[in-house]
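Visitor: Okay, handing you the structure first.
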Amino acid sequence: MENGNNSSFKMSKKTWILIVAALVILVAAILLAFNLGQKKAVVEQQAAQQTANQQVTTTTDNSGNKVESVTPTAIKGAVAQIPGANLVTTDNKVINANGVVAVNNAQPMSPEAPKQTTPMAKDQVAKLPNSVIKLTVTAAGWNPNSFTVKAGAPVSVVITSGDSFTHVFAFDDPSLSAVAVGVSPQETRAITFNAPTKAGEYGFLCAVPGHAGRGETGKMIVK
């Protein structure tokens, strides 16, 4: 009888061990499935966040030209470096109020072009950050006659006529044909645009006939 009882006990013990092992395997499987589900959720969340953070989309207008626009979220987060100038998104895209990315080689003063501000008062200019480029133009030339910017970065330039002449700030490179600012005598205006992505020197001048010939020229250095 003792042997029978011992045998029964031993069988029960083996069965218990098998049950515990099965439970351990089951728990491990549940944890594995949970972890895989968590990882999948994280990947999906990251993908959704990446899509949400994708700020620029490209479409084509009726003329076949590419038009870049940013998402409403990007527009909401955009700020103007200079009051009245184009907005700049958190990923440094210069846009208009509708979220369309400004085109540097568009027709000057067109809706696609970076826009110049209305006339600015001296106290407005004085409050601008040091990152803003401030240029004064007279018959003697530009002061300063050169400035350096980072490739692709948003650039804000303030133009002041320092004499009794009207002047027009413009670039001689066709890729920057839309970047233009006209100022009346003693007037100040500004503009914000994205610097070219290609490093190099880009000449600027006063586009009023005869003014470049008398020395009203300079250069923007892109690094």
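Results for (1) out of contact with any Gly (no Cβ under 7 Å at 6 or more places or on another chain); (2) under 12 Å from V137 (Cα atoms); (3) among the small types (G, A, S); (4) outside the structural domain of S156 (by TED's automatic domain parsing), shown as yes or no for each residue.
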residue	(1), (2), (3), (4)
S177	yes, no, yes, no
A180	yes, no, yes, no
S184	yes, yes, yes, no
N194	no, no, no, no
E201	yes, no, no, no
H211	yes, yes, no, no
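Visitor: Would you confirm, using the coordinates I've provided, whether I221 is surrounded by fewer than 17 Cβ atoms within 10 Å (Cβ to Cβ) and not hydroxyl-bearing (S, T, Y)? Break it down into steps so the answer makes sense when it comes.
Guide: Numbers: surrounded by fewer than 17 Cβ atoms within 10 Å (Cβ to Cβ): yes; not hydroxyl-bearing (S, T, Y): yes.
So I221 passes the test.
Visitor: Kindly list, by first and then second residue, each pair from a residue in segment 93-108 that is not assigned by TED's automatic domain parsing to the domain that holds K150 to a residue that is charged (D, E, K, R) and buried (at least 21 other Cβ atoms within 10 Å of the Cβ), limited to pairs with Cβ atoms under 8 Å and residues at least 6 apart or on different chains.
Guide: Filtered contacts from segment 93-108: no entries.
Visitor: Name the single residue, out of those in segment 109-147 being farther than 21 Å from A212 by Cβ and among the β-branched types (V, I, T), that is surrounded by the most Cβ atoms within 10 Å (Cβ to Cβ).
Guide: Restricting to residues being farther than 21 Å from A212 by Cβ and among the β-branched types (V, I, T), the top hit is T117.
The values are calculated or read from the model by the stated rules, or taken from the named source; none is laboratory data. Keep in mind that this is a model prediction, so the values were computed, not measured. Here Cβ is always computed from backbone atoms with ideal geometry, including for glycine, and neighbour counts include all displayed protein chains.
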